[in-house]
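A quick write-up on the structure given underneath.
Every read-out reported here was derived from the displayed coordinates using simple, explicitly stated rules and does not represent laboratory data. Quick caveat: nothing in here was measured; it's all calculated off a predicted structure. Glycine gets a Cβ as well: all are built from the backbone with ideal geometry, and neighbour counts include every protein chain shown.
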Amino acid sequence: MATTACFTIVSKNDIPIYEAEVGSAVRQKQEQVHQHQFILHAALDLVQDIAWTTSAMFLKSVDRFNDLTVSHFFSLTNNSIHTRLMLLHDSRNEDGIKNFFQEVHELYIKTLLNPLYLLGSRITSSHFDTRVRALARKYL
Amino acid sequence: MIGVGKAKQYGNVLDKPLSRGRQEVSLSAFAFLFSELVQYNQTQVDNIAELERRLEDAGYAVGARVLELLCHRDKGNRRETRLLGILSFIHSTVWKVLFGKVADSLEKGTEHEDEYMISEKELLVNRFISVPKDMGAFNCGAFVAGIVRGVLDGAGFPAVVSAHFVPIEGQQRPRTTILIKFAEEVIKLLLQILKEFFVFVARKPRKSQYCP
């Protein structure tokens, strides 16, 4: 099982709208959390370059840092300015990650079908949070 | 309680499945809702341009969501990276889901490189709306133009979309045309992709004349 994983949903203009540390390791020092966010943001540039060349939605491994890899999943069909799901992890479980992304993507679609939800604003629903963590435990 | 059917009651909207559900929505309910939307906006604004802009903004929100939903349901999570691809997606799939039929035609504008038009004999949203003479060229199709803009923006092709009446001889009611004008960077990107394609094709290895 993965020991560390940091999952983020990033929206327009690279503003994160949802973040969760979903690793099963107990001790998460504060610096590690900041470092994870930093790594994820650094990977955004690489993603931008690849974005237009492929029409797939799931990019397996975009960037590596020490022993952590960043995986990426495009949400709103197409790239540059729209919503992306990013996961920082150190596991090798490709299929599990793909399934995880797909399930969270479905949750995200359901969230944004709410006409009162402003596109690109933070997702604050605790139900969403619970579901994401449950999915993380299941697939990662 | 009125209307308790066999549908399962879900605790939270996030648990509900994303499947198709019942395809049909009552037309009169929609017409009523839309007319209320237009009337409400009419009380808030002073001029026609503002009213069109508000309807467009309402449509934009719909378009962005429709894009996500359809991409997930129908296309199995493949994204569109080509301009023609996204246009034909709007023209057939989106129209079919929203209005029950594909759009009448999709044309490329002749004067400018970056203009495309989708036309429809009679837009569903305009069916029960009559525009008084003093409102001039106001078209409630601005709502549909907003939907198209939302879809294009979500796909990464920024564009300015507007709805126009085009009179056709032989018909009483004019045809409605949605005019899509793409932003510069989209055209540049399109040309770039085309250029790369040609370079790739031209670089096919040829047998050199100088080989012994």
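Miscellaneous remarks
- Burial ordering of A:Ile15, A:Ile50, fewest other beta-carbon atoms within 10 Å first: A:Ile15, A:Ile50
- Taking the number of Cβ atoms within 10 Å of each Cβ as an exposure proxy, the fewest-first ranking of B:Glu120, B:Glu50, B:Glu115, B:Glu184 is B:Glu184, B:Glu50, B:Glu115, B:Glu120.
- Share of pairwise Cα separations in segment B:71-155, more than 21 Å, in percent: 37
- Spatially proximal aspartates and glutamates relative to B:Lys16 (Cα-Cα < 15 Å; intrachain offsets below 8 disregarded): A:Glu103, A:Glu106
- Out-of-range pairs (alpha-carbon distance over 28 Å; input B:Lys108/B:Lys188; B:Lys101/B:Lys188; A:Lys110/B:Lys188; A:Lys110/B:Lys121; A:Lys98/B:Lys188; A:Lys60/B:Lys181): B:Lys101/B:Lys188; A:Lys110/B:Lys188; A:Lys110/B:Lys121; A:Lys98/B:Lys188; A:Lys60/B:Lys181
- All Cα pairs of segment B:26-200, percent lying beyond 23 Å: 42
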